[in-house]
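Scroll down for the structure; my scribbles are underneath it.
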Amino acid sequence: NHSVATVNVHRTYALAHHEQVAHTAACNGRHLTEQRLARWLLMAHDRADTDRFPITHELLSMMLGVRRAGVTVAAGSLQRAGLIRYERGQVEVVDRNGLEHAACECHAAAQAAFERLLGPGPG
C-alpha cells in the first residue's frame, strides 16, 4: 500500500532527525567550541553542493550555543590550521579530512546513524 510506505518513510526520517538532535545536544554539552564548529561545518558541507557556502557568525553562535566571539576564536583556529577559509560570511572547506580530525566523534556517529536508518548518501 502506497500510504503505508509513505508513513514508514516519514517515520524513518523523523527518527533520523531525532537522532541528529540528540547527538547535537550531547555534543554541545561535552566538547570544545572548535570541535563543535568543525562538526557543524562538516554537517553543512555534507548538505552543500560546493565547498564554499554562506554562513554568518550570528548563525554559528546560535547553532553552537556560544557567543559570537567564541565563534571568531574557533573559526580563526580552524583557518590558521588550513582547514577552512572564512571571510565576509562565507566559509570554504579547504581540507575536509583535516576538518574531520578536528571535529569530535559526534559527526561520525551521526553519519553512521543516518546511514543505518536511510542508507548511504550520494557519492
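Below is a table of values for the structure above.
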{"quantity": "Helices (runs of 4 or more DSSP H) completely within segment 1-84 that count 2 or more residues being at pLDDT below 95 and under 12 Å from the mean Cα position of the chain (by Cα)", "calculated": "2-30, 33-47, 57-64"}
{"quantity": "ARG116 open to solvent by 60 Å² or more (accessible area, probe 1.4 Å) and modelled with pLDDT under 95", "calculated": "yes"}
{"quantity": "Selection count, segment 74-108, where residues are loosely packed, with under 14 Cβ neighbours inside 10 Å and of a type in the set (A, V, I, L, M)", "calculated": "1"}
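The values are calculated or read from the model by the stated rules, or taken from the named source; none is laboratory data. Computed from a predicted structure; not experimentally measured. Methodologically, a virtual Cβ is constructed for each residue, glycine included, from the backbone with ideal geometry; neighbour enumeration extends over all protein chains shown. Note: accessible area is taken over every heavy atom of the protein model, side chains too, but ligands, DNA and RNA are not part of it. Shrake-Rupley method; radii C 1.70, N 1.55, O 1.52, S 1.80 Å.
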